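Trainee: Pasting a structure below so you can have a look.
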Amino acid sequence: MNIPFDLSRRALLGSALAATLAPLATAARGTEPYPSRPVKWLLPYLAGTGPDNTARILAEAVGPLLGQPVVIENKGGAAGNIGARLAAKSPADGYTWVYSAAPMAANMRMYRQPGYDALKDFRHVMRLTSSDIALIVHADSGIDSVQALAERLRAAPGKLEYASGGVGTPSHLGMELLLSALDARALHVPYKGASELVNAVLGKQVVFGTPILSVPYQQIKAGQLRALAVAGPRRNPMLAQVPTLAEAGVPGVELVSWGGVSVPAGTPDAVVERIRAAFRAALQQPRVVEALQAQGGGVDVQDGEAYARGFTREMAFTEAMMKRVGLEPI
């Protein structure tokens, strides 16, 4: 079949034009405003924990600022390692975040093979909040002070049980550090997160524990649990009547848990800055600050490099604690 010259020329020109525009269309799609679809925020902890509650408060505030929903996805287990591994292997496109926290850094020393590198596999966008660690007992325990707990421990060495949120978590290492300072021994019962830790104390399955304050705060306010002390450098304004460990006669044991948002390494600068700007704006909203404080936490912002340095310090601190209390990596 003979094709007229002008038609065949049009076909050739059309093909050439399509070939030229194809990469331009791809480039245009690549430069569409971020975000253009929902964002997934991986939580390496169980629902109902302090990090989960914090992330949900912030996701609700940040979503409208970004113009897209921020969907929380809980991936708890292995002291946060499971969720962190998933995040580390996710595309570096800004559509997967991870709630990064002190345990992510501690796990670099607590585990021989955590499955990720907290410094190399992530860009740490910003630290968002911090929360005190609280030493708690059941309100009906008959233990009303740190010294009263110490006396019980010494009267039955290795017999009293304490709960932690898992091996290597701040509630585990912090407790071992405290026991070392008290020259006492207790039986460690690990659970899957701070919420289970608190439930174990509430259910009298164990005698005591040291969760982040944001988790048992409401039960402490309701009189179901008793806070014997907080492990920070100063009293928590939400529980001003509760002494610090130093004030309770145990100096040198200061622990604060922190959390923030990180993304896979390689995420573009512009995307990281867009995420950071949204969180900065959210944390300036009084209702967001009040909601965080209502659960015993507080806004504690560090951007970029400062936040990354916090991971390095936490690793060194964890290593020092492990040596002090005789813990080996698992």
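The values are calculated or read from the model by the stated rules, or taken from the named source; none is laboratory data. Everything numeric in this text was worked out from a predicted model, so none of it was measured. Neighbour counts are summed over all protein chains in view; Cβ atoms, including those assigned to glycine, are modelled from backbone coordinates with ideal geometry. The accessibility values were calculated without ligands, DNA or RNA, using every heavy atom of the protein model including side chains. Shrake-Rupley method; radii C 1.70, N 1.55, O 1.52, S 1.80 Å.
Trainee: For the chain, set up a Gaussian network in which alpha carbons nearer than 10 Å are linked by springs, and say which option among Gly158, Gly310, Gly48 fluctuates the most.
Mentor: Gly158
Trainee: What's the FRET efficiency of Val289 with Ala316 using the Cβ-Cβ distance as r and R₀ = 22 Å, to the nearest 0.05? Could the numbers behind the result be given before it?
Mentor: On the way: r = 31 Å, r/R0 = 1.40.
According to the calculation, E is roughly 0.10.
Trainee: Report the normalised scattering of segment 119-267 as log10 I(q)/I(0) at q = 0.16, 0.18 Å⁻¹, calculated by the Debye formula with identical scatterers on the alpha carbons.
Mentor: Scattering profile of segment 119-267, log10 relative to I(0): -0.81, -1.00.
Trainee: Excluding residues on the same chain fewer than 8 positions from Lys40, give the aspartates and glutamates whose Cα lies under 16 Å from its Cα.
Mentor: Within the straight-line limit of under 16 Å, Lys40 reaches these aspartates and glutamates: Asp52, Glu60, Glu73, Asp93.
Trainee: Related question: Among Ala155, Asn81, Pro170, whose Cα projects farthest towards the positive end of the dipole of the chain, with charges put on the beta-carbon of Lys, Arg (+1) and Asp, Glu (-1)?
Mentor: So the residue furthest toward the plus end is Asn81.
Trainee: Express in nm, to one decimal, how much length is gained between Lys192 and Ile82 on full extension, taking 0.36 nm for each residue of separation and deducting their alpha carbon distance.
Mentor: 38.4 nm
Trainee: Could you give the length gained by full extension between Val325 and Asp140, i.e. 0.36 nm per residue of separation minus their alpha carbon distance, to one decimal place?
Mentor: Gain on stretching Val325 to Asp140: 63.6 nm.
Trainee: Determine, for each peptide in 314-324, 87-97, 188-198, the mean count of other beta carbons within 10 angstrom over its residues, then list the peptides with the highest first.
Mentor: Values: 314-324: 16.7, 87-97: 18.3, 188-198: 22.6.
The most tightly packed comes first, giving 188-198, 87-97, 314-324.
Trainee: Another question, then. Might you tell me the accessible area per residue for segment 70-195, computed with a 1.4 Å probe and given in Å²?
Mentor: On the way: 4660 Å² over 126 residues.
Each residue of segment 70-195 exposes 37 Å² on average to a 1.4 Å probe.
Trainee: Sticking with this one: Provide, in order from the shortest bin, the percent of all Cα-Cα pairs of segment 272-330 in each 10 Å bin, continuing until the bin that contains the maximum pair distance.
Mentor: The distribution over segment 272-330 is 18, 31, 28, 19, 4, given as percents.
Trainee: Which of Met110, Ser145, Gln241 sits closest to the plus end of the dipole of the chain, meaning its Cα is farthest towards the positive end, when Lys and Arg get +1 and Asp and Glu get -1 on the C-beta?
Mentor: Checked the options; the winner is Met110.
Trainee: Could you please state, rounded to a whole Å, how far the C-alpha centre of segment 266-314 is from the C-alpha centre of segment 83-117?
Mentor: 17 Å
Trainee: Give the accessible area for Tyr116 in Å² (nearest 10); use a 1.4 Å probe, count only protein heavy atoms, and leave out ligands, DNA and RNA.
Mentor: Near enough 20 Å² of accessible area.
Trainee: Report the full-extension gain for the segment Ala265 to Arg235: residue separation times 0.36 nm, less the Cα-Cα distance, to one decimal in nm. Working shown, then result.
Mentor: Values: separation 30, 0.36 × 30 = 10.80 nm, distance 3.71 nm.
Additional length available on full extension: 7.1 nm.
Trainee: For Lys159, give me every one of the lysines with a C-alpha distance below 26 angstrom, ignoring sequence neighbours fewer than eight places off in its own chain.
Mentor: Lys192, Lys204, Lys323
Trainee: Another question about this same structure. How large is the dipole of the chain about the Cα centre if only Lys and Arg carry +1 and Asp and Glu carry -1, each at its Cβ, rounded to the nearest 20 debye? Can you show the working numbers first?
Mentor: On the way: 32 positive and 27 negative charges, 92 e Å.
Around 440 debye, computed over the chain.
Trainee: Keeping all protein chains in place and using 1.4 angstrom, which order do Lys159, Lys221 fall into by accessible surface area, from largest down? Mind dumping the intermediate values first?
Mentor: Numbers: Lys159 150, Lys221 125 Å².
Output order, biggest surface exposure first: Lys159, Lys221.
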